[in-house]
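The values are calculated or read from the model by the stated rules, or taken from the named source; none is laboratory data. On a predicted model such as this, the values are computed, not experimentally measured, just so you know. In this analysis, Cβ positions are derived from the backbone assuming ideal geometry, glycine residues included, and neighbour counts consider all displayed protein chains. The protein model used for the area step is the full one, side chains on, heavy atoms only, and it has no ligands, DNA or RNA in it. Shrake-Rupley method; radii C 1.70, N 1.55, O 1.52, S 1.80 Å.
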Amino acid sequence: MPTRRPLIAGNWKMHKTGEEAVQTVQQLKSLVADVQDVEVMVAPPFTALAPVAQALAGSTIALGGQNMHWESKGAFTGEIAPGMLVAAGCRYVIIGHSERRQFFGETDTTVNQKIRAALTADLQPVFCIGESEAQREAGQTFSVLDKQVQNGLEGLFSQDLQSLVVAYEPVWAIGTGKTATKEQAQEVHAHVRQLIADTVDKHLAETMRILYGGSVNPGNVKALMAMPDVDGALVGGASLDPETFSQLVHYQG
Ligand SMILES: O=C[C@H](O)COP(=O)(O)O
């Protein structure tokens, strides 16, 4: 069984100016300086990327973008190109977050275009999937997730997807304080891994990291991380405070 290096990622969403973000990572850097076996990533807003990259110089904390366009340049007012994220110091990019799907019209098709563009630019996509509360209650969780995964990865093969990270974020658990139970998370993660094994490649499925996201906090992270198919967390609210985020990174105690 291959070892998957845990990834604890902070998605700061629309929080923090450049100055506030730099202050946060300066504290975080020393708080997690002892951590070796867990990868840490922060995804600040676009305007904070360059100063945060500078503040992170010499640290192992990785930087991520929260979104990007799939084209490399052009007349796309308000958009950011993959190469711009790379130039700003990003290694990762979050793609298809449910807030992007819900409020900004992202579809499986644009998610697929973005994943392709990220891979071409050598950015590691953190590909977000998740069902709504109504879909879960209607017993559609697996069919919704299967469609998101299959459409999002359409036309991509194992050799393209080596750096892919999947993040399972049930929409009903985001920012609500209502975390999926560790059993619910494990059930979905195992299902998604099996789907990748069946439709893409078995080895990729075994090595690919699947993060859980949705009201992760210092009180529930350990139990979630103990599940065999949970390889990390994509954290919103609890990633904004460096002390709290550091507690998540130190989930092993
Ligand atoms: O990307 C992060 C998720 O949307 C989770 O947010 P949350 O931890 O505030 O529930």
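Details
- Looking across the stretch 158-172, the residues that are closer than 22 Å to Val93 by Cβ and within 12 Å of the ligand (Cβ to nearest atom) come down to Ala167, Tyr168, Glu169, Pro170, Val171.
- Of the criteria (1) within 15 Å of the chain's Cα centre (by Cα); (2) at pLDDT 95 or above; (3) among the hydrophobic types (A, V, I, L, M, F, W, C), which one Ala197 fails: (1)
- Candidate set: the stretch 189-246, residues that are within 15 Å of the ligand (Cβ to nearest atom) and assigned to a helix (DSSP H, G or I); chosen: the one nearest to Ser98 (Cα to Cα): Gly237
- Residue count for the stretch 179-226 under the criterion of being within 18 Å of Val144 (Cβ to Cβ), open to solvent by 60 Å² or more (accessible area, probe 1.4 Å) and in contact (Cβ under 8 Å) with a residue 24 or more places away in the chain: the result is 1.
- The listed residue being surrounded by fewer than 21 Cβ atoms within 10 Å (Cβ to Cβ), touching a Ser or Thr at 6+ places or on another chain (Cβ under 9 Å) and farther than 24 Å from Gly232 by Cα, out of Thr77, Thr47: Thr47
- Any chance Thr24 is within 16 Å of the ligand (Cβ to nearest atom), assigned to a helix (DSSP H, G or I), under 20 Å from the mean Cα position of the chain (by Cα) and touching a residue at least 24 places away in the same chain (Cβ under 8 Å): yes
- Annotation note: Cβ proximity below 9 Å between a residue of the stretch 136-160 that is under 21 Å from His203 (Cα atoms) and assigned to a loop (DSSP other than H, G, I, E, B) and a residue that is open to solvent by 60 Å² or more (accessible area, probe 1.4 Å) and among the β-branched types (Val, Ile, Thr) (sequence gap 6+ or interchain) occurs for Leu153/Thr199; Glu154/Thr109.
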